[in-house]
Amino acid sequence: MFDVYLLETIINGLLLGGVLALLALGLNLIFGVIDVVWICYAELVMLGMYTIFFLYSKFGIPLVLASLAGIAVVAVMGYLVHFLIISPLLGTAPINQLLATGGLLFFLQSFITLLFGVEFRNIGLRLPVLEFFGMYISFARLLAFCTAVVGMIALYLFLAKTYMGTAIRAISQDRDVMVLMGVNSRKVYLATSAIGGGLAGLAACLLVLQYDIHPAIGLSFGPITFMICVLGGLGNMIGGFVAAFIFSQVIAVGGFYFELEWGYVVAFAIFIIMMFIRPQGILGRRS
Amino acid sequence: MNRRVTFLIGALLLAALPYMGVPQYYLHVIILILIWSFIYTAWSLMGRFGLVSLGHGAFLGVGAYAVAMLWNYLALTPWIGIPLALLFSLFLAILIGYPCFKFRITGHYFALVTLALSEVISMLIMALRNSTGGSLGFTPNRFGEGTSIYALQFGQKETFYWIALVVWIAGIWIWKRVDVGMERHALDAISEDEDAAASVGIHVTRQKLRITIISAVMTAFGGILYGQYQMYINPQTLSGVGVSLQIVFAVVAGGMYVAFGPTVGAVITISLAEFLRVLIGTAMVGLDNTIYGLMLILFIIFLPQGILGAIMEKGSRKKALRNLATAVSLNIK
């Protein structure tokens, strides 16, 4: 039996997948290249959302410019995260890097609370809802989906065609040998962190159109973003993309039949089970 | 022998604390510190061997909710509910731990799997909001006047203080037992190099699973205690990523590798939070966590052994230097 609502759910899930894929893109890059989990990644996205919100709603700067500023701010933050926190810890146990960025998560979340309070804000811009054959589809999500695809292609071209991109790929393959080949690993890491931050900023631009901004928003996106990266296989962009759609479908369809939380429960449970079956990710190669 | 006497006097002083005219509010803060110290100690049992779990919120939640729900819906006394809840958390620990260790998921992969577990539990509490109250939280039914051994509810703060004190001492005792046991050396070896440890005959999976079960069951018990004391539980304070990270932070701050490190962490974090709350009030919500976050980063970079760890290390180094100096001077003579 054909169910138009189910189809609507599936399409919306697909579009949600675009948002999640975009979120995962930058984290995946950092994860794959530097082998560090930025557990505060979603908080950087939140920082970008607040930047855009204040520039646009309080200072009346056009949304496009505000968005660009948001991307720039988060890119600088990404640079600083590596420069100030990760680089002193590069030689230590990986878990220390994770915990230090965990500290940054606490810091950003509560610092924003301190500055702006806990209330929900939104930029007050309502994008139209498109209607196809009796199905309602959010334009903002469609936009996010398209941007995610474009962003992934652009990142792919950057990694494949430019000198810096080649250096990044090389260092992700063997971080010790590349240093012997004369690559300045520090520079590459900083560039990667800035690009990763910029991608978080891009995600912030699209999330700000759909969601209310509040200091704890990172906690609702963060965990799922890590799961996507790991499920897709670390540093595997296409894997991350596929994983994002698997997750978003599970969440959307689970939410359609039961409740949204059940969708999340199932998605996280699938993640745990997949870790046991294929720890290298769904598209990863066994090393 | 001398140490024993010191410990005994310390324990007696602690036990007599409610008779010294400590105001109710301070007693409340001390009870919280004791309960959380126990939970942090439980976490550090795993953490010190490189098993960094971000899923301990799950065990807190499972313990507290199981006991409270059995009490409210089935009128099952906590005397039966607590063992059931502990059994349940034990199964959960095996369910997540066994495959993790069997398939050798370590380092930040282990952290992420456990993170997913804590999210599963917190989402489950939300999803089952018809019976758990969702994010509004859950209040166990009062039994009679409010004090009952049958329901393990005590209106008097003093009673809870003694319970928490005994539990905390038990936690330190377990930590010490693990510290002096043979298993500790096996686990140390595992955290250095699993293959090498396995090659000398250590059963890696069994060792890791055992310490995980001890830690998880203790954490669940801490969650139950917290629920019985506060008579109100909610998924934000007892499950999910937030509390799991908070546990990690306090332990790292206090010191992961010394017995009283987690306790020092609890004293610092809870008294800082309470101090700021009293001093500044609610005008600056989030100040305490801002400071914690900054401290966590600085600790990991500059003082990874924690406050107490650093102090004790310094002390032992001084002692070692003194010993060396006497040895050298004896040799010269």
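Computed over all pairs of different Cα atoms, the Kirkwood value for the hydrodynamic radius of region A:54-155 is 17.3 Å. Across q = 0.13, 0.20, 0.21, 0.23 Å⁻¹, region A:1-64 modelled as identical point scatterers on its alpha-carbon atoms has Debye log10 I(q)/I(0) values of -0.61, -0.88, -0.90, -0.94, in the order of the q list. The separation of region A:148-217 from region A:25-73, counted between C-alpha centres, amounts to 13 Å.
Working note: Cα gyration tensor of region B:84-207, eigenvalues times five, square-rooted, sorted largest first, giving semi-axes of 37, 23, 11 Å. Say R0 is 25 Å: what FRET efficiency, to the nearest 0.05, do residue B:142 and residue B:24 get from their beta-carbon distance? That pair, residue B:142 with residue B:24, gives E of 0.85. Each listed q (0.06 Å⁻¹) maps to a log10 I(q)/I(0) for the protein assembly as shown, found by the Debye formula over equal Cα scatterers with no solvent: -0.34.
Close amide H partners of residue A:213, meaning residues 5 or more places away or on another chain with modelled amide H under 5 Å apart, are A:121, A:122.
For the peptides B:150-160, A:199-209, the ranking by mean Cβ contacts within 10 Å, running from highest to lowest, is A:199-209, B:150-160. Applied to region A:189-196, the Karplus parametrisation 6.51 cos²θ - 1.76 cosθ + 1.60 on θ = phi - 60° returns per-residue 3J(HN,Hα) values of 5, 5, 4, 4, 5, 5, 5, x Hz, with x for Gly and Pro. Distance from the C-alpha centroid of region B:55-132 to that of region A:76-114: 29 Å, rounded to the whole angstrom. Hull volume per residue, based on the alpha-carbon atoms of region B:183-271 and their convex hull, is 114 Å³. Charges were assigned to the Cβ only: +1 to each Lys and Arg, -1 to each Asp and Glu. The resulting dipole of the protein assembly as shown about its Cα centre is roughly 1540 debye. On the basis of the beta-carbon distance and an R0 of 56 Å, residue A:161 and residue B:191 show a calculated FRET efficiency of 0.85. Taking a straight Cα-Cα cut-off under 17 Å and skipping sequence neighbours fewer than 8 places away in the same chain, the aspartates and glutamates within cross-link reach of residue A:58 are A:119, A:212.
Take each residue of peptide A:253-260, count the partner chain Cβ atoms within 10 Å of its Cβ, and average: the result is 1. Within the straight-line cut-off of under 28 Å between alpha carbons, the lysines reachable from residue B:208 are B:102, B:176, sequence neighbours fewer than 8 places apart in one chain being disregarded. Subtracting the Cα-Cα distance of residue B:75 and residue B:172 from their residue separation scaled by 0.36 nm leaves 31.6 nm.
Remark: chain B is approximated by an ellipsoid whose semi-axes, taken from the C-alpha gyration tensor as √(5λ), come to 34, 26, 20 Å, largest first. Based on the Kirkwood approach, the hydrodynamic radius assigned to region B:30-113 is 14.2 Å, with every pair of different Cα atoms included. Note that region A:95-228, at 37 °C in a medium of 0.692 mPa s, gets a Stokes-Einstein diffusion coefficient of 183 µm²/s from its Kirkwood radius over C-alpha pairs.
Taking every residue in B:295-305 and counting other chain Cβ atoms within 10 Å of its Cβ, the average works out to 5. Ellipticity at 222 nm from helices only: DSSP H runs of n ≥ 4 in chain B, each -39500 (n - 2.57), divided by the residue count, give -26000 deg cm²/dmol. Ordering B:206-212, A:13-19, A:63-69, A:160-166 by mean Cβ neighbour count within 10 Å, with the highest value first, yields A:13-19, B:206-212, A:63-69, A:160-166. Projection of the Cα convex hull of region A:164-279, averaged over all directions and equal to a quarter of that hull's surface, yields 9.0 nm².
Counting Cβ atoms of other protein chains within 10 Å of each residue's Cβ and taking the mean over peptide B:127-139 gives 1. Here the label points at residue B:5 and residue A:139, each 7 Å from Cα along the C-beta direction, are separated by 8.3 nm in the simple model. Over chain A, the hull volume per residue, using the convex hull of the C-alpha atoms, is 142 Å³. The sum of -39500 (n - 2.57) across all DSSP H runs of n ≥ 4, divided by the residue count of chain A, sets its helix-only mean residue ellipticity at 222 nm to -24500 deg cm²/dmol. Sorting the segments A:73-82, B:29-38, B:53-62 by their residues' average number of neighbouring beta-carbon atoms within 10 angstrom, most packed first, yields B:53-62, B:29-38, A:73-82. Relative to the Cα centre, the charge distribution of region B:145-184, modelled as +1 at Lys and Arg Cβ and -1 at Asp and Glu Cβ, gives a dipole magnitude of about 160 debye. Between residue A:170 and residue A:184, the modelled labels are 1.5 nm apart [label points 7 Å from Cα along Cα→Cβ].
A short reminder: the numbers here are calculations on the coordinates, not readings from a lab. Note that the coordinates shown come from a computational prediction; the quantities given were computed from them, not determined experimentally. Backbone-built Cβ (ideal geometry, glycine too); neighbour counts: all protein chains shown.
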